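Down below is the structure, laid out as structure tokens.
The values are calculated or read from the model by the stated rules, or taken from the named source; none is laboratory data. Treat the numbers as computed from the prediction; the structure is a model and nothing was measured. Note that we place each Cβ from the backbone using ideal geometry, even for glycine, and neighbour counts take in every protein chain shown.
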Amino acid sequence: MMSKIFFLTILWITKLNIWMIRLFKLGHASNLPGKIALMLNKNFIRFFSFISNKKIILVTGTNGKSTTCGLAAVFLKTSGKTVLYNETGANLRTGIASTFAKNSNLLGRLNKEYILLEIDEATLPLITKDLAPDLIVITNLFRDQLDRFGELDTTLKLIETGINNCNTTVLLNADDPRVAFIKTKNKKYFFGFSEDCVQGNPYLNQGYPYLNQGYPQNGMTWLLDPEEATECPNCNSSLTISNKVIAHLGSYKCNKCRLKKPVLDFEITSFQADNLSTNCDVKYNNQKHNFFLPFIGTFNLYNTLCAIAISNLTANVTDVQIQKGLQLYSTIFGRFEKLSLGNKKAWIYLIKNPTGTTEVLKTLSNLENARFLIALNDNLADGRDVSWIWDARFDFLKGHNKNIFVSGKRAYDMALRLKYADIEPSKIVVDENITSAIKEAISNISKSETLYILPTYTVLLEMQRKGISKN
Ligand SMILES: [Zn+2]
């Protein structure tokens, strides 16, 4: 065991490292100081002490971790709680170690009532040995960065191990069969879309005008979302999926063993959306609640529902406080961030996997006066294998008719992908340098247009280093 004085020595070194990195403007100090601390002692995280009435919440899954944590953090804050969360999105053990070192006092004490952490799926089994969480949340499971995790089943096993390291309550996405039927005896709560809400809902079919006309036919299979979990988690025969929300998320049942979607504790019962906002009804604790969301996107409905569930399971949060939180919530680390560049408008939407990217494209390609810059890197944090872009539906940009800007280390792969989505090659403008690509794109758009910048993770980091992105 590490003695207190040894822990404090490492803590002070770590704090000094953070201070130096900030002083010399070398970055956010969100990973490196923690990495050094864990090299000096691998149990570093266990030695932090908390105020006695604290709650620890861990959020994992493929999509929506950051937005969910960001929303849950504002809901808790508007209800008067003090919250620590890893808002830079540093979700490995190195990031958690850095976050704790940054936010603790000189004696390693964290004086916050809530510790809310977004956790990388593969890190969960390690972190549940370091900390004793009060709630573990799984947003969904999609194919993501395969080269790092291997198959989805491996990811699932890691999460199961992580959950079963403790007898913590879990909050699960009921619409995702792999997640809903995760193997654990722990107390479970479920969130998802009610069947009534999905049935015939025009907003869930925005990108599918052709499906009603007997499509998809040859060459139009891109209109179908990739279904990634269609096997029964109990008996492995195939599941019948109905009322799909996104990809494989929806209602389902197994004809062989009769497994079906669990009863929902937190459910979206209806919603309407326009180009900028969403109005939705949510049911929990046997009551209906209505919220106005100043943003759009089906994934964000899941994120909001999940964040409402988190704050309800761990605190007394009123509807008024949630609504205030929704208004306050601006952006989490560029997941969607508004920029002002001269007198032109730009938004950043992070892209990282096929389903998330398809949702972003589905939403944005419907907007009038939208212009696009897509930037693809293949560094470790982006996933080294860029073949995922072939599963994302860039085909939604097909009718775009204006120049599309492409950047990043793998700009030429991206350009090729767009070409195969039937985008006129003369309309694809390639510049591997992100700074000059943004400059060029901004000078090319008119004042009435909005530039949507879709970067992968390390392009976004580069934009932050260069001061283009503020968060
Ligand atoms: Zn079955």
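Which one is modelled with the highest pLDDT, of the residues in region 218-251 that are outside any loop (DSSP other than H, G, I, E, B) and within 16 Å of the ligand (Cβ to nearest atom)?
First, the residues of region 218-251 that are outside any loop (DSSP other than H, G, I, E, B): 221-223, 231, 238-246, 249-251.
The next check asks that each one be within 16 Å of the ligand (Cβ to nearest atom); those that pass are 231, 238-242, 251.
Numbers: GLU231: 85, SER238: 88, LEU239: 89, THR240: 87, ILE241: 84, SER242: 84, SER251: 92.
Here the residue is SER251.
Note on region 323-357: residues that are at pLDDT 85 or above and among the polar types (S, T, N, Q) amount to 2. Each residue in region 347-363 was checked for being hydrophobic (A, V, I, L, M, F, W, C), surrounded by fewer than 23 Cβ atoms within 10 Å (Cβ to Cβ) and over 14 Å from the mean Cα position of the chain (by Cα), and 1 of them qualify.
If you go through region 265-272 one residue at a time, do you hit one that is assigned by TED's automatic domain parsing to the domain that holds LEU305, within 16 Å of the ligand (Cβ to nearest atom), modelled with pLDDT of 70 or more and among the β-branched types (Val, Ile, Thr)? No.
Any idea which residue in region 433-460 is farthest from ILE374 (Cα to Cα), counting only those that are of a type in the set (D, E, K, R) and part of a loop (DSSP other than H, G, I, E, B)?
Going through the qualifying residues, I end up with LYS447.
Among the residues of region 94-102, are any out of contact with any helix residue (DSSP H, G or I) (no Cβ under 7 Å at 6 or more places or on another chain), surrounded by fewer than 21 Cβ atoms within 10 Å (Cβ to Cβ) and of a type outside the set (Val, Ile, Thr)? No, region 94-102 contains no residue that is out of contact with any helix residue (DSSP H, G or I) (no Cβ under 7 Å at 6 or more places or on another chain), surrounded by fewer than 21 Cβ atoms within 10 Å (Cβ to Cβ) and of a type outside the set (Val, Ile, Thr). The single residue among ASP378, ASP413 that is acidic (Asp, Glu), surrounded by fewer than 22 Cβ atoms within 10 Å (Cβ to Cβ) and part of a helix (DSSP H, G or I) turns out to be ASP413. Total residues in region 383-410 satisfying the condition of being more than 22 Å from the chain's Cα centre (by Cα), surrounded by fewer than 19 Cβ atoms within 10 Å (Cβ to Cβ) and of a type in the set (Gly, Ala, Ser): the figure is 1. Looking only at residues in region 429-445 that are of a type in the set (Val, Ile, Thr) and surrounded by fewer than 20 Cβ atoms within 10 Å (Cβ to Cβ), which one is farthest from MET463 (Cα to Cα)? By that ranking, first place goes to VAL429.
Contact map, region 230-254: residues that are under 24 Å from ILE268 (Cβ atoms) and not assigned by TED's automatic domain parsing to the domain that holds GLU359 paired with residues that are outside any loop (DSSP other than H, G, I, E, B) and near the ligand (Cβ under 7 Å from one of its atoms), Cβ distance under 8 Å, separation 6+ or inter-chain. Pairs shown: LEU239/CYS254; THR240/CYS254. Considered as a group, the residues in region 271-281 that are out of contact with any helix residue (DSSP H, G or I) (no Cβ under 6 Å at 6 or more places or on another chain) and crowded, with 19+ Cβ neighbours inside 10 Å include one that is farthest from ALA72 (Cα to Cα), and that residue is PHE271. Do you know which residues across region 156-180 are under 25 Å from SER242 (Cα atoms) and part of a helix (DSSP H, G or I)? Answer for region 156-180, where residues must be under 25 Å from SER242 (Cα atoms) and part of a helix (DSSP H, G or I): LEU156, PRO177, ARG178, VAL179, ALA180.
With the requirement that a residue be assigned to a loop (DSSP other than H, G, I, E, B) and at pLDDT 95 or above, what does region 133-149 give you?
Of region 133-149, the ones assigned to a loop (DSSP other than H, G, I, E, B) are 133-134, 139-145.
Once the filter is applied, which keeps residues that are assigned to a loop (DSSP other than H, G, I, E, B) and at pLDDT 95 or above, region 133-149 yields PRO133, ASP134, THR139.
When ALA392 is tested against (1) within 29 Å of LYS409 (Cα to Cα); (2) small (Gly, Ala, Ser); (3) at pLDDT below 85, exactly one condition is not met: (3). Picking from residues in region 252-264 that are within 13 Å of the ligand (Cβ to nearest atom) and not in a strand (DSSP E or B), the one that is farthest from ASP319 (Cα to Cα) is LYS256.
For region 273-287, indicate whether the set of residues that are more than 27 Å from VAL360 (Cα to Cα) and part of a loop (DSSP other than H, G, I, E, B) is non-empty.
yes
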